[in-house]
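Before any comments, here is the structure.
The values are calculated or read from the model by the stated rules, or taken from the named source; none is laboratory data. Keep in mind that this is a model prediction, so the values were computed, not measured. When we count neighbours, we look across all protein chains shown, and the Cβ atoms used for this are built from the backbone with ideal geometry, even at glycine.
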Amino acid sequence: MFKLPVVSTLFNNSRTVAQNFGNANQGVIGDNNTIGSIIHNTEMEGPAIASGGVFYAYIHSRYDDNYHRMIIIFASREVADEWWRSVSTSEIAQLKGNIQRITPQFYNHHPGQWNFLNFFTDPAVKTISDKFRGKMFIVLENDKGGRGITIIPLQCIVDHTSGSSFCIRSKSDPQQHWDIDEAGRVYVSDKARTSFVVTAQNNMSKKGIMIGSDEVTLSTPRGPVVLHKSSSFVTFSFVKTSTSDAGHRFRLGDLEEGRFFVEGSGLVCLADQEKCGMAWELAM
């Protein structure tokens, strides 16, 4: 149990990002009208997209810096992570081993194998690209001779790598964190926090990027964190030994989607069905 610095969150609305783009690029580089269209084109009809605002990433050829420069605009950081899971695990010849993730906002690809610009037009990758229509789009940037490139905002996020340690905090009140009391129960505190190791249970590679649909487990140096079921909800605590993790898994998306709530005594609980609680996020 120890204190950790608070990590800044994503830009939380497109209007702020558009304004930042305009201030950064005015009279220097890029086209503000183009930036504005990028921001507003992310609006879509249909199912709700996870909160957090639009998310940007560069992608370019890993063999030279002259051509095949692009920006990917995702509806959210969650969509970006889901896209990465899909393309990095695909067995389709055009995608397999093609795209590399350098950072959350920087990728490269191998145009000689397949040009990523064709993501939404090549029938060979349709089974993947159809999942992301209306949730992301691709903007072709100038080649090196064009002497200009769009500057995307630095978006400070916590990379959701499986097996890493995180604090868990409220999205609406970042001072509220999960902590473990002397009895081993998980409760909410604004004065202390516990670092939990969050591990995906789907046989992904070590340090793979977790997405909302992944089943995960929590552990601390004191032992694994387990769910204690009751008639309508479950509570958390830790045990020193465990023969199976099946009883204390939950979806990573349950954190943000409001399945966890805080009962009167301050204990963290997981609702059986209803999404009636607070939104939580992983922090460093």
- Task: Among the residues of region 115-143, count how many are surrounded by fewer than 12 Cβ atoms within 10 Å (Cβ to Cβ) and in contact (Cβ under 8 Å) with a residue 24 or more places away in the chain.
- Result: 2
- If you check every pair at least six apart or on different chains, which have Cβ atoms under 6 Å apart with a residue in region 79-108 that is touching a residue at least 60 places away in the same chain (Cβ under 8 Å) first and a residue that is surrounded by 14 or more Cβ atoms within 10 Å (Cβ to Cβ) and among the hydroxyl-bearing types (Ser, Thr, Tyr) second? Arg101/Tyr107
- Task: May I ask you to list the residues in region 262-282 that are part of a loop (DSSP other than H, G, I, E, B) and either at pLDDT below 85 or within 24 Å of the chain's Cα centre (by Cα) (or both)?
- Result: Glu263, Gly264, Ser265, Asp272, Gln273, Glu274, Lys275, Cys276, Gly277, Ala279
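Tally the residues that are over 17 Å from Gly223 (Cβ atoms) and crowded, with 20+ Cβ neighbours inside 10 Å, restricting the search to region 173-186.
Within region 173-186, residues that are over 17 Å from Gly223 (Cβ atoms) and crowded, with 20+ Cβ neighbours inside 10 Å number 1.
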- Task: Of the numbered conditions (1) in the same structural domain as Pro104 (by TED's automatic domain parsing); (2) closer than 19 Å to Arg101 by Cα; (3) hydroxyl-bearing (Ser, Thr, Tyr); (4) surrounded by fewer than 13 Cβ atoms within 10 Å (Cβ to Cβ), Ser205 fails exactly one; give the number of that condition.
- Result: (1)
- The condition of being at pLDDT 95 or above and either farther than 30 Å from Gly223 by Cα or not aliphatic (A, V, I, L, M) (or both) holds, among Ile138, Ile149, only for Ile138
- Would you be able to say whether some residue in region 189-208 is touching a helix residue (DSSP H, G or I) at 6+ places or on another chain (Cβ under 9 Å) and part of a strand (DSSP E or B)? no
- For region 144-201, which residues satisfy the criterion of being of a type in the set (A, V, I, L, M) and either outside the structural domain of Phe250 (by TED's automatic domain parsing) or touching a residue at least 60 places away in the same chain (Cβ under 8 Å) (or both)? Ile149, Ile151, Ile152, Leu154, Ile157, Val158, Ile168, Ile180, Val186, Val188, Ala192, Val198
- Got at least one residue in region 142-164 being assigned to a strand (DSSP E or B) and out of contact with any helix residue (DSSP H, G or I) (no Cβ under 6 Å at 6 or more places or on another chain)? yes
